[in-house]
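Heads up, the thing below is written out as structure tokens.
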Amino acid sequence: MHREEHLRSSDVITDVVIGMSDGLTVPFALAAGLSGAVTSSSLVVTAGIAEIVAGAIAMGLGGYLAGRTESDHYQSERRREQVEVETVPEREKDEVREVFADMGLSPALLLADSSVTAQPLLPSKMIFTQQVFWGPKGLLRIMNVAPLTPEGRARELKVRRTMLVGHQIMGFVTLAGFVAQGIVGAKLYNSSGDRYGQLKDTHSMLASAVNITYATTALLSLTAPPKMLSERRGLSSIKLHKYLAVVHIAGMIATNVLSGMLESNPDVKPYHRAAAYTTSCRGLPLPDISQ
């Protein structure tokens, strides 16, 4: 039977190597220096022995204090981690997953729980559209298109990343449409005659394209599979993205409603412009590809 033997005293070897290096170098340098300054060989030998003794005491005391400090620090960190395991167990599990993920462990194994109690495969909180499609009783679960298993969730996380990357790309496409629509809209306000008709048709075409790309961008985010873990407390870029998305969709609705009122009520032009510019400024997508 194969048995592995591992060295268990690496710290001792480290201390021995450092001690020998210091013990051989410093006394030799002291003896060489004294031999050139004094003529008595007994004085040189005595000074060398004294340095060896003093150096041994200093190295031993220094090693002891360093080891004691490291031990105290380890015990302090261990007590803190024990408290966090009891108070915030989910966060501690996240940290363990992050460590093993950096080592290259597959998502399927990260999602599997070796303990008696099964690890939840879905976050505790999901938005409505995720519940409808990806929840424990969602349509894709009922139809057995996406079984709720560790392997299935690993595939879903890859799908999520792909969809959110597409969400980012479509967000920039939508932003470009906003900019183009704003430029054409600014010219539209100051034009007349045939030029006005041409610009209006272009503006309407851009508005339709922006609405389509905006809806596609929103659907890619709203229908993406849920991430592996629940959101952490406090403000994050993802939460900020969601809050701004609420403002953004309100601006999109207001812009389209006011646009329909322009023909019959030209006085709403300033409000339409303000809503359009506000929506355009919010058009820059924030990173949202976390798992």
Would you confirm whether any residue within the range 17-29 is part of a helix (DSSP H, G or I) and at pLDDT 75 or above?
-> no
Of the numbered conditions (1) over 20 Å from the mean Cα position of the chain (by Cα); (2) over 23 Å from residue 244 (Cα atoms), residue 158 fails exactly one; give the number of that condition.
-> (1)
Take the residues of the range 213-235 that are within 14 Å of the chain's Cα centre (by Cα) and aliphatic (A, V, I, L, M): which is modelled with the lowest pLDDT?
-> 235
Of all residues in the range 193-222, count the ones that are touching a Phe, Trp or Tyr at 6+ places or on another chain (Cβ under 8 Å) and either hydroxyl-bearing (Ser, Thr, Tyr) or not assigned by TED's automatic domain parsing to the domain that holds residue 160 (or both).
-> 0
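Table: residues versus (1) in the same structural domain as residue 272 (by TED's automatic domain parsing); (2) within 30 Å of residue 274 (Cβ to Cβ); (3) part of a helix (DSSP H, G or I).
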{"residue": "157", "(1), (2), (3)": "yes, no, yes"}
{"residue": "162", "(1), (2), (3)": "yes, no, yes"}
{"residue": "179", "(1), (2), (3)": "yes, yes, yes"}
{"residue": "185", "(1), (2), (3)": "yes, yes, yes"}
{"residue": "191", "(1), (2), (3)": "yes, yes, no"}
With the condition kept exactly as written, say whether any residue in the range 89-103 is among the charged types (D, E, K, R), modelled with pLDDT under 75, part of a helix (DSSP H, G or I) and over 30 Å from residue 158 (Cβ atoms).
-> no
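How many of the residues making up the range 124-155 are of a type in the set (S, T, N, Q) and assigned to a helix (DSSP H, G or I)? If you could, list the steps in order and put the result at the bottom.
Narrowing the range 124-155 to residues of a type in the set (S, T, N, Q): 124, 129-131, 144, 149.
Among the residues that remain, those that are also assigned to a helix (DSSP H, G or I) are: 129-131.
So the count comes out to 3.
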Among the listed residues 108, 118, which satisfies the condition of being within 30 Å of residue 156 (Cβ to Cβ) and either touching a helix residue (DSSP H, G or I) at 6+ places or on another chain (Cβ under 8 Å) or modelled with pLDDT of 70 or more (or both)?
-> 108
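The values are calculated or read from the model by the stated rules, or taken from the named source; none is laboratory data. Keep in mind it's a predicted model, so treat the numbers as computed, not measured. Heads up, the Cβs are rebuilt from the backbone with ideal geometry, glycines too, and the neighbour counts pull from every protein chain shown.
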